[in-house]
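Let me begin by presenting the structure, written as structure tokens, before commenting on it.
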Amino acid sequence: MEKMLKPEAWHPEIDIKQYRFDNGLTLLVLPEHGLPIVSFQVHYAVGSRNERPGITGISHLFEHMMFRGSKELGPEEFSQVIQAKGGEVNAFTTSDNTSYFENLPAAHLELAVRLEAERLVHLRLTQDNFATEREVVRSERKLRAVDSPLGLPLELLSAMAYTQHPYQWPILGWDYDLRNLTLEDCLDFHRTYYNPANLVAVVSGDVDSQQAQDLVAKYFGPIPSPGVPPPIRAQEPPQRGERRAIYKKVSQVEAFLAGFHVPGLKDPEIYAVLLLAAILGEGKASRGYQRFVRPGKAIDLEVHLPPPPFAYQDPGLLVIIGLAAPGQPLATLEEEVWDEIAQIQDQGVTPEELNRVKKMMRAQYVKVLANNFYRGVLAALLYLKTGEAGLVNRIPDLYDQVSPDDIQAAARRYLNEDNRTVVMLKPVSEAENAALGPVA
Amino acid sequence: MTGSAVADYLPAIYHTNLNNGLTVLGVEYDRAPWLSICFMAKRGAEADPPGKGGTADCTAEGLTLGTTTRDQLRLAIDVESRGARLEAHGNWDYSVVTLEGLAEDFGELMALLAEVVQSPNFPEQDFAFLKGRRQAELVHLQDNPREVANRWYYRLFFGNSPYGHPITGDLESISALTLEDLKSFYQRQFHPSESTLVVVGMVPEATVVHEADRFWSAWSGGARPAPPYQEAPPSLGQPGIYLLDRPALTQSEIRLGHLGLPRQHPDYFALRLANYILGGGGFSSRLMTRIRSDLGLTYGINSHFHFRRAPGPFVISTFTPASNTAAVIQETKVVLAELKQGGITAQELEDAKNFYIGHFPMGLESPGGIGQHLLQIDLHSLGFDYLHTYCDQMRTVQLEQVRTAAASHLHPEKLVVLVVGPAALCQSDLEALGPVNLVTES
């Protein structure tokens, strides 16, 4: 087969076929025939934003339970069966969605579709399975949050930045809630959120649209749906002044973590904020790297805001993490970071630096399109969070339309002191740490 | 083209040698206008001078700190204004400098990478910055229990042999590093006859070969490197249990292992299959089934043979709430011993083979993934038909070969076990398993 080797002739538009079934299920098909592989994905519109105090972490724990057996399969057999066909299986839970995927040889697509439908209908939720998996999840939480260098300060940051919206608690949940969750909570959760009307399925890769449609119709079509779960309407009110806290732990370094409320994925202004974040922290030409990391004032200066499709559905947090180099005063580092932001607010950014980060965003977008799995995730999560899968094809334009004035306006509107929450990581000795009591 | 024949999708590898001895390997790629250009010098952290761990890695990063015509900032701007990413690091057995970007910028990116590799400036000021930054990062790593465990572990059984220090060095070795060390490493280890350029992207072969010749054939490099390191170390750390006390942790990081094999070993395929069944196969592995799924003692456990030019380590990695530490070690040893004693079933082997064979095309989706294959093919002289023979080599492994490989190359009695965790919660249980050697960070 002759290869098409002209970049200028490459057409970046993704061909997305969208189907809606009678039971409310939405299917997206993204055919691509370069390799004999396919990604089958099921994205449920439920994440930690759908939880409430007392059952925090249940979305993620439930993700684990989906691998603990069904009528047809024993614990973890789902993964074993798919792997034995050359596939890979995994899942992830965010604040907005819970997603399951199988990347596998195209010849075995039907197996993946059948097993996903089977576990949706016939999941085996038993007390034994539940108790074992709850301990696994608590171990995961200790790994990712409790024993990780910045895990608990990051949890505190969200808990302070949000007073009303469910983004205030961690996706992994609070340990207290994990210990007290019951099997009945899981059964209730399953009844509410795991049904065809609350999911979007994706087939991306070496598949014909009709074949994908037929397979999903065959296995998911007969599954009844009680309907779409009630929407979450929580809104975080505007912040009215800086919030600040200290977190003490055994640490070799001092750090500050700052969160600023920024728009969610549906708001076009998010593209200006993403480019602003890149100007501050993306790459070795960025302001943050040149002013703080390169000369050794900071071990790292990270500016986090997940790009589409991982951007938050509701207004999220742009997080800046400054890790002071040993011997460098943290207060000075923090002040200088605010000073760098003030410079953008006062003087704006140069066309050169804006063009640079726009090209970086476009390049990353093109890179993602080479991969079946990521292309599927891109389309599905955009659909799930905005109602529009076709947004995939407009993302490069949305970045392109941002002007230097938009960046300056975004910096003024969002990266200001009244909209800021700061957690200072203060190192303590082992003895002081022990005296402060246990962590969980 | 569902169910297409292997030959329809396997990339054709083209290769040429320039006059100066540089090998050029490439694949024409058409899934997206993306491009990966990778330079590999076939010497890495194993060639770090004694007491100067981190030299190879810092030398690689040193190349990105500026050239004779562009300072660090100019270079970063010129790379990133094309949306590209420049990365350089040392690894065991090789050092790499990679530039990934859009295929439309092939000409400029090729010129940039050639300049970075061939005309580094090693600026004084940026070296001082690099050294300070590396030291600060090492201080910060001490807060990460997984990193602490990994870094300590290899030192425990490789000692002072070439694989016995962390690739990024430690505080002492980085303190000892001078700019001259970087220049000297570059002069001794970066030579075209021991280097390879890999290009995977939406660029025709003829264009790549032409531009490679234009930008790379005049490079003469430094002296020819000494022969590569490929022997087993003369002495190894003593088997036993080692404990690094971290009172503030709630979980223990655990590493168990022993010396493994070199990549060229004839049992490579059989042992990869045995390891998949043991702990390399995720939820299909026995370790994951026993320790996580049945007992709920950890979120994750895996085993890995690090196949290098010289024998690399075999390591099982896991973590568990501190009070489970001894139980996890005990159960892990039982699983390891069972596998060694020949319990592998025909069905397990069939599943493992099917996984590797079925999964193979997924490594070919991105230019970076294909480029990684090419690097390994070249580094270990696997043959340019390797992608075409891989599945057959996997498919023809017999059950008896896998059983023999497991029996020969797994050594539960020789395990070096490292625990990084709170001694107050796990030491007495560990002592029931055997003598516990307390280690302290110097």
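The values are calculated or read from the model by the stated rules, or taken from the named source; none is laboratory data. Bear in mind the structure is a predicted one, so any value in this text is a computation, not a measurement. Reconstructed Cβ throughout: ideal geometry from the backbone, glycine too, with neighbour counts over all protein chains shown. Accessible surface areas use protein heavy atoms only, side chains included; no ligands, DNA or RNA. Shrake-Rupley method; radii C 1.70, N 1.55, O 1.52, S 1.80 Å.
Points to keep in mind about this one:
- Whether segment A:1-78 is rounded, prolate or oblate, judged on the alpha carbon gyration tensor where a/c under 1.5 counts as rounded: prolate
- Nearest 10 degrees, 0 to 90: helix B:399-409 Cα axis against chain B principal axis: 80 degrees
- Considering only chain B, percent of DSSP beta bridges that pair antiparallel, nearest 5: 75 percent
- Between the helical axis of B:205-216 and the longest alpha-carbon principal axis of chain B there is an angle of about 80 degrees.
- With respect to chain B, whose longest principal axis is taken over its alpha-carbon atoms, helix B:106-118 is tilted by about 70°.
- Taking every C-alpha pair closer than 8 Å and separated by at least 6 residues, the mean separation divided by the residue count of chain A gives a relative contact order of 22 percent.
- Look at the stretch A:369-377: the mean tally of other chain Cβ atoms within 10 Å of its residues' Cβ atoms is 3.
- Averaged over peptide B:67-79, the number of partner chain Cβ atoms lying within 10 Å of each residue's Cβ comes to 3.
- Each distinct pair of alpha carbons in segment B:66-225 adds a 1/r term; the inverse of their mean, the Kirkwood radius, is 17.9 Å.
- Rounded percent of accessible protein surface that carbon and sulfur make up, chain B, 1.4 Å probe: 50 percent
- Once the mean of 1/r is taken over each pair of separate Cα atoms and inverted, segment A:198-277 shows a Kirkwood hydrodynamic radius of 19.0 Å.
- Accessible area per residue, Å², the protein assembly as shown with all protein chains present, probe 1.4 Å: 37 Å²
- Remark on segment A:129-163: accessible area falls by at least 30 square angstrom from chain-alone to full-complex state for A:Thr132, A:Val136, A:Ser139, A:Lys142, A:Leu143, A:Asp147, A:Pro149, probe 1.4 angstrom.
- Three-way shape call for segment B:335-389 based on the alpha-carbon gyration tensor, with the a/c threshold at 1.5: prolate
- Lys/Arg +1, Asp/Glu -1 at C-beta; segment B:50-156 dipole; positive extreme among B:Ala111, B:Asn121, B:Gly90: B:Gly90
- Straight-line cross-link partners of B:Lys340 among the lysines, defined as a Cα under 30 Å from its Cα and at least 8 positions apart when in the same chain: A:Lys85, B:Lys353, B:Lys414.
- For A:Thr182, solvent-accessible area (1.4 Å; no DNA, RNA or ligand), Å²: 60 Å²
- Positions from segment A:295-337 whose accessible area shrinks by 50 Å² or more when the full protein complex is built, not the chain alone, probe 1.4 Å: A:Ile299
- 1.4 Å probe, heavy atoms, protein only - residues of segment B:342-387 losing at least 20 Å² accessible area vs chain alone: B:Asp351, B:Asn354, B:Phe355, B:Gly358, B:His359, B:Pro361, B:Met362, B:Glu365
- Net charge of Cβ neighbours under 15 Å - reference A:Asn393; Lys, Arg +1; Asp, Glu -1: -2
- Whether chain B is rounded, prolate or oblate, judged on the alpha carbon gyration tensor where a/c under 1.5 counts as rounded: oblate
- Percentage of interatomic Cα-Cα distances in chain A larger than 31 Å: 47 percent
- Taking the convex hull of Cα positions in segment B:102-153, its mean projected area over all directions (nm²): 6.2 nm²
- The share of accessible area on segment A:153-221 that comes from carbon and sulfur is 52 percent, using a 1.4 angstrom probe.
- Shielding by partners - mean other protein chain Cβ count within 10 Å, residues of B:128-141: 5
- When the solvent-accessible area of segment A:287-338 is split by element, carbon and sulfur atoms take up 56 percent of it, the probe being 1.4 Å.
- Values of log10 I(q)/I(0), in the order q = 0.06, 0.08, 0.09, 0.10 Å⁻¹, for the protein assembly as shown under a Debye, Cα-only, solvent-free model: -0.40, -0.77, -1.03, -1.36
- Using R0 = 41 Å, the C-beta based FRET efficiency linking A:Leu398 and A:Val428 works out to 0.35.
- Paramagnetic label reach from B:Phe384 (point 7 Å along Cα→Cβ; backbone nitrogen cut-off under 16 Å): within segment B:178-219, residues B:196-200, B:205-210, B:212-213.
- For the pair B and A, total buried accessible area rounded to nearest 100 Å², probe 1.4 Å: 6600 Å²
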